[in-house]
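Written out below as structure tokens is the structure these notes cover.
Read the figures in this text as sums done on the coordinates, not as results from a lab. Model, not experiment: these values are computed from the prediction. Note: ideal-geometry Cβ built from the backbone for every residue, glycine included; neighbour counts use all protein chains shown.
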Amino acid sequence: MLLAQMEYREQVNEHHKRAYTYAPSYEEFIKLINSNSDVEFLKQLRYQIVVEIVQATTISSFPQMKRQKVSESKGKETAAMKADHLRARNMKRYINQLTVAKKQCEKRIRLLGGPAYDQQEDGIFEDGDGPQSQKILQFEDILCNPSYREHFRIYMERMDKRALISLWESIEYLKNANKAEIPQLVSQIYQDFFVESREIPVEKSLYKEIQQSLVGNKGIEVFYKIQTDVYETLKDRYYPSFIVSDLYERLIKKEEERSAVQITSDDKDEVVSYTYE
């Protein structure tokens, strides 16, 4: 009996997912929400909408317009820049549509006897419905913090792109190394990322600079340029999906637990201090 109920639930969920995925228009999507009477499905749909809002908001906050080289067409808007403007407008409209859909989900859930999300403190997730925190760590903070970066490194392994974060780390170490260490470090970076592995493509001009740096004819500034490019790639392509991943949720949960322990420890210290005063 229980197995039959579970199979039925899976069939219903699959039906709703197909309806959600193949809704021909935004208007039809809203109609789907307003005509659905399955609270559990609507709660799951609301969760997916919120995740999408978080990711879309993060992506829209990134500077999409890349600096263009000064050329004869200076002062004129390029086709790429126009495309960036269009994407920005579309993203804003998309986020607005998602926000409306989330509110419609919440209204429908409340009418069907489900939780009243607008009365909850966070206004986003009910306990057990999804991520427990909406805290968004800046990408710079993730790279600068060894513990945060470890979670991001695991994520990059999952994406089969560990070479990117490893190269960034290697160059970061190079920047702070003693002069005596630099030749060996340059050789190791060259061997690991540009000989044994070709996962990270670089322009021919930069590759020549790397080789000249290797034999001591040039400094290590070329690696700083490469690190900047890697940084932008990590931030633009992988950071947005990382912050809506299970690994990010694990990171935030671990950080919250650490903070709670620290607060408890500080409170105990205050009590002890007060006792001896």
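Details
- By average C-beta atoms within 10 angstrom, highest first, the peptides 198-204, 252-258: 252-258, 198-204
- Unsatisfied cross-links (Cα-Cα over 29 Å) in the set Lys175/Lys204; Lys179/Lys225; Lys179/Lys208; Lys103/Lys253; Lys103/Lys161: Lys103/Lys161
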